[in-house]
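Chemist: Right, I'll just put the structure down here and ask away after.
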Amino acid sequence: MGRIDRDALIAPYDVIGHPPAPDLNALAELAADISGTPTALVNLMGENTQHSIAGFGREPGVCDRADSMCNVILDEPGQVIVNDTRSDPRFADNPYVTGERAAFRFYAATHLRNPQGLVLGTLCVFDDEARSLDDRRIRGLGLLARQVDDALELRRRTSKLVDAVAELAEVRAELTRSNEALHAFAGQVSHDLRNPLTAINGFLEELQYSVPHDTPSSEYVARALSSTHRMSDLITDLLGFAKLGGELRREPVALRNLVEEVRHDLAPALSAVGAQLDVGPLPTVRVDPTQLRAVLQNLISNAAKYRHPERPPLIALHSCRQDHAWRIEVVDNGIGVPRDRREEAFSPLTRVHDPHDSSAEGAGIGLATARRIINAHGGQIGLDASPAGGTVAWFTLPDPAEGGSFVGSHPPRSARVS
């Protein structure tokens, strides 16, 4: 084993430079009582200094390690019992024996160790008179030293926990500040971009009326207008991405009611492609209805948008219980998402389908926003392949209740789209 940095070894216990802890003082007093001696100390050994961090019969303090009696026995394999220090060559000239600092005649020490077995210091007892200890008292000191080990380890873990809590508080404060800054930035960007974009759109609309139809110029104006509309949608999506998934307004929500609202809003889009939406029984859960509605709208809209060109789009929405959560699935028979790109689909501004395909309109913000919202609710979201070759877009919502209520006449079933 390499050289041990003793100062670094004892620092995590957070006792150096602090008043003696009452529990350690009590253990020192108990050590004196068990041994029948007037003095007991709890010592931690630093690089050059011995720190007495608790004691009975003698005020804890600091001394040079070179003068310490405990330093002499630090590498001894077990407990050390010295009935008469003046007759022991290891201690005869020690200032704590000669009378220079004290005149101890009896000395007994038990090592204190960390969980890895490294020696931190000692629990030691002293007497000004030579004496001996029977086996029962020696064993009692050994057991008491283990209690000191536990007390020190508890203090180390408590100190570590306090530091971790403080660090988490700082991280939370920084995240709050960052989110506020993000919201402010998104709002400012939205404002700064929308104003000139609105002006450009107005000029293009005026120009559209003055340009002859069915000419190259009219086509260019139409393309420019389409680009401004897409840019406006992108700004809206980015602003929504910055804001959604933050503070939640949780309340009991019947998911079927949310789905029916989404079905109503998407009715023109679903009808335009001949999409059929089959909704199975769904639970009532505690969620933010506005934010979860955005998730459902995105997943159902995607299921209709990325349809297969050779078959009419069929979409099934159902739920099932999964441990202490509800799993909601939107299953389609569309073109699907390649396995190696399913995770990528949740990255902002990413589209996993051909961006030149007319069916792949959008800025690639929807799934990224959905993940933020579901994560904020404590759930997960992902994509799998459906039995019909399309996609299963699923998400979970934590619910510690063992059961749950359904809006529908049947228990959850495994919906299949064929």
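The values are calculated or read from the model by the stated rules, or taken from the named source; none is laboratory data. What you see is a predicted model, and the numbers here were worked out from it, not measured in a lab. We place every Cβ from the backbone using ideal geometry, glycine too, and count neighbours over all the protein chains shown. Quick note on the areas: whole protein, heavy atoms, side chains included, nothing else; ligands and nucleic acids left out. Shrake-Rupley method; radii C 1.70, N 1.55, O 1.52, S 1.80 Å.
Chemist: Select from the range 248-275 the residues that are farther than 17 Å from Ala370 by Cβ and touching a helix residue (DSSP H, G or I) at 6+ places or on another chain (Cβ under 8 Å) and list them in ascending order.
Modeler: Result: Arg249, Glu251, Arg263, Ala269, Leu270, Val273, Ala275.
Chemist: Sort out which residues of the range 303-329 are in contact with a Ser or Thr (Cβ under 8 Å, 6 or more places away or on another chain) and more than 12 Å from Gln276 (Cα to Cα), and write them in order of number.
Modeler: Those that are in contact with a Ser or Thr (Cβ under 8 Å, 6 or more places away or on another chain) and more than 12 Å from Gln276 (Cα to Cα): Lys305, Tyr306, His318, Cys320, Gln322, Ala325, Trp326, Arg327, Ile328, Glu329.
Chemist: Does the range 21-33 include one or more residues that are assigned to a strand (DSSP E or B) and open to solvent by 50 Å² or more (accessible area, probe 1.4 Å)? Reasoning before the result, please.
Modeler: First, the residues of the range 21-33 that are assigned to a strand (DSSP E or B): none.
Taking every residue of the range 21-33 in turn, none turns out to be assigned to a strand (DSSP E or B) and open to solvent by 50 Å² or more (accessible area, probe 1.4 Å).
Chemist: Pick out, from the range 249-342, the strands (runs of 3 or more DSSP E) lying fully within it that include 2 or more residues that are open to solvent by less than 10 Å² (accessible area, probe 1.4 Å).
Modeler: 282-287, 314-322, 325-332
Chemist: So, Val97, is that one part of a helix (DSSP H, G or I), in contact with a helix residue (DSSP H, G or I) (Cβ under 8 Å, 6 or more places away or on another chain) and either open to solvent by 50 Å² or more (accessible area, probe 1.4 Å) or closer than 22 Å to Thr49 by Cβ (or both) or not? Can you show your working first?
Modeler: On the way: part of a helix (DSSP H, G or I): yes; in contact with a helix residue (DSSP H, G or I) (Cβ under 8 Å, 6 or more places away or on another chain): yes; either open to solvent by 50 Å² or more (accessible area, probe 1.4 Å) or closer than 22 Å to Thr49 by Cβ (or both): yes.
So Val97 passes the test.
Chemist: Additional query: Which residues, taken from the range 123-144, are loosely packed, with under 15 Cβ neighbours inside 10 Å, part of a helix (DSSP H, G or I) and over 43 Å from the mean Cα position of the chain (by Cα)?
Modeler: Those that are loosely packed, with under 15 Cβ neighbours inside 10 Å, part of a helix (DSSP H, G or I) and over 43 Å from the mean Cα position of the chain (by Cα): Asp135, Arg136, Arg139.
Chemist: Being part of a loop (DSSP other than H, G, I, E, B), more than 38 Å from the chain's Cα centre (by Cα), surrounded by 14 or more Cβ atoms within 10 Å (Cβ to Cβ) and of a type in the set (Gly, Ala, Ser) narrows it down to one residue among Ala102, Ala92; which is it?
Modeler: Matching residue, one of Ala102, Ala92: Ala102.
Chemist: Mind listing whichever residues of the range 35-73 are within 19 Å of Asp23 (Cα to Cα) and assigned to a loop (DSSP other than H, G, I, E, B)?
Modeler: Pro38, Gly57, Arg58, Glu59, Pro60, Gly61
Chemist: Here are the criteria: (1) open to solvent by less than 30 Å² (accessible area, probe 1.4 Å); (2) on the phi > 0 side of the Ramachandran plot. Tell me which single one Thr85 does not satisfy.
Modeler: (2)
Chemist: Is it fair to say Ala151 is of a type outside the set (Lys, Arg), touching a Ser or Thr at 6+ places or on another chain (Cβ under 8 Å) and outside any strand (DSSP E or B)?
Modeler: Spelling it out, it is not the case that Ala151 is of a type outside the set (Lys, Arg), touching a Ser or Thr at 6+ places or on another chain (Cβ under 8 Å) and outside any strand (DSSP E or B).
Chemist: Another question about this same structure. Applying the selection to the range 145-169, what residues are open to solvent by 90 Å² or more (accessible area, probe 1.4 Å) and of a type in the set (S, T, N, Q)?
Modeler: Scanning the range 145-169 gives a single hit, Gln147.
Chemist: Let me ask something else. What are the pairs, 6+ residues apart or on separate chains, where a residue within the range 1-30 that is more than 18 Å from Phe56 (Cα to Cα) has its Cβ under 8 Å from a residue that is among the charged types (D, E, K, R) and assigned to a loop (DSSP other than H, G, I, E, B)?
Modeler: Asp5/Glu47; Arg6/Glu47; Asp7/Glu47
Chemist: Right, next: Given the conditions (1) in a loop (DSSP other than H, G, I, E, B); (2) open to solvent by less than 20 Å² (accessible area, probe 1.4 Å), report the number of the one that Glu76 does not fulfil.
Modeler: Exception for Glu76: condition (2).
Chemist: Here's a follow-up. Looking at the range 105-114, is at least one residue open to solvent by 60 Å² or more (accessible area, probe 1.4 Å), within 24 Å of Arg136 (Cβ to Cβ) and in contact with a helix residue (DSSP H, G or I) (Cβ under 8 Å, 6 or more places away or on another chain)?
Modeler: Yes; the residues of the range 105-114 include at least one that is open to solvent by 60 Å² or more (accessible area, probe 1.4 Å), within 24 Å of Arg136 (Cβ to Cβ) and in contact with a helix residue (DSSP H, G or I) (Cβ under 8 Å, 6 or more places away or on another chain).
Chemist: Please go through (1) surrounded by fewer than 19 Cβ atoms within 10 Å (Cβ to Cβ); (2) modelled with pLDDT of 95 or more; (3) touching a strand residue (DSSP E or B) at 6+ places or on another chain (Cβ under 9 Å); (4) more than 21 Å from Asp134 (Cβ to Cβ) for Gly61 and return the number of the only condition it doesn't satisfy.
Modeler: For Gly61, the failing item is (2).
Chemist: For the range 292-308, state whether one or more residues are more than 27 Å from Ala385 (Cα to Cα) and either β-branched (Val, Ile, Thr) or at pLDDT 85 or above (or both).
Modeler: From the range 292-308, those more than 27 Å from Ala385 (Cα to Cα) are none; that's our starting set.
Within the range 292-308, not a single residue is more than 27 Å from Ala385 (Cα to Cα) and either β-branched (Val, Ile, Thr) or at pLDDT 85 or above (or both).
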